[in-house]
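Student: My questions all concern the structure below.
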Amino acid sequence: EYVVRRDPDVILIPAGERARLADRPGWSGIRAVRSGRICTLGTDQRNMIMRPGPRVAQGLQAIAACLERLPP
């Protein structure tokens, strides 16, 4: 409910979740889903971000690269 209410411009999710986003109640109306502004992160990329350590910067670079590829 929180995500639907906030109506984000971009969504970051695990790679396997993208196909099912629009099936979630209310998510088909979210701006990011409608416009295809979804960044998917693989397991390695998620681990770099979620686990504090020297590879956090690499995870952030992966997010930045994905954001650069998104449509305006």
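The values are calculated or read from the model by the stated rules, or taken from the named source; none is laboratory data. Bear in mind that the values here come from a model prediction, so they are computed numbers and not experimental data. Here the Cβ is made from the backbone with ideal geometry for all residues, glycine too, and neighbour counts use every protein chain on show. In case anyone asks, the SASA skips ligands and DNA or RNA and just uses the protein heavy atoms, side chains included. Shrake-Rupley method; radii C 1.70, N 1.55, O 1.52, S 1.80 Å.
Student: Can you give the helix-only mean residue ellipticity at 222 nm for the chain, where every DSSP H stretch with n ≥ 4 adds -39500 (n - 2.57) and the sum goes over all residues, rounded to the nearest 500 deg cm²/dmol? Write out the running numbers ahead of the final one.
Tutor: Details: 4 runs with 32 residues, N = 72.
For the chain, the value works out to -12000 deg cm²/dmol.
Student: Could you work out how far helix 56-69 tilts from the main Cα principal axis of the chain, as a 0 to 90 degree angle to the nearest 10?
Tutor: Compared with the principal axis, the helix lies near 40 degrees.
Student: Additional query: Please give the charge dipole size of the chain, origin at the Cα centre, charges +1 on K and R Cβ atoms and -1 on D and E Cβ atoms. Round to the nearest 20 debye. Can you show the working numbers first?
Tutor: Values: 12 positive and 7 negative charges, 6 e Å.
Once rounded to the nearest 20, the dipole reads 20 debye.
Student: Just the accessible area per residue of the chain, please: how many Å² with a 1.4 Å probe?
Tutor: Numbers: 5050 Å² over 72 residues.
So the chain comes to 70 Å² accessible per residue, rounded to a whole number.
Student: Whose amide H sits under 5 Å from the amide H of residue 41, counting only residues 5 or more places off or on another chain, with H placed in the peptide plane?
Tutor: Those lying under 5 Å, H to H, from residue 41 are 13, 15.
Student: On the accessible surface of the chain, probed at 1.4 Å, how many percent belong to carbon and sulfur atoms?
Tutor: On the way: 2680 of 5050 Å².
Carbon and sulfur: 53 percent of the exposed surface of the chain.
Student: For residue 63 and residue 9, calculate 0.36 nm times their separation in residues minus their Cα-Cα distance, and state this gained length in nm to one decimal.
Tutor: Between residue 63 and residue 9, full extension yields 18.0 nm more.
Student: If you don't mind, another one. From a point 7 Å beyond the Cα of residue 70 in the direction of its Cβ, which residues of region 13-41 have a backbone N at a distance under 14 Å?
Tutor: 13-14, 30-41
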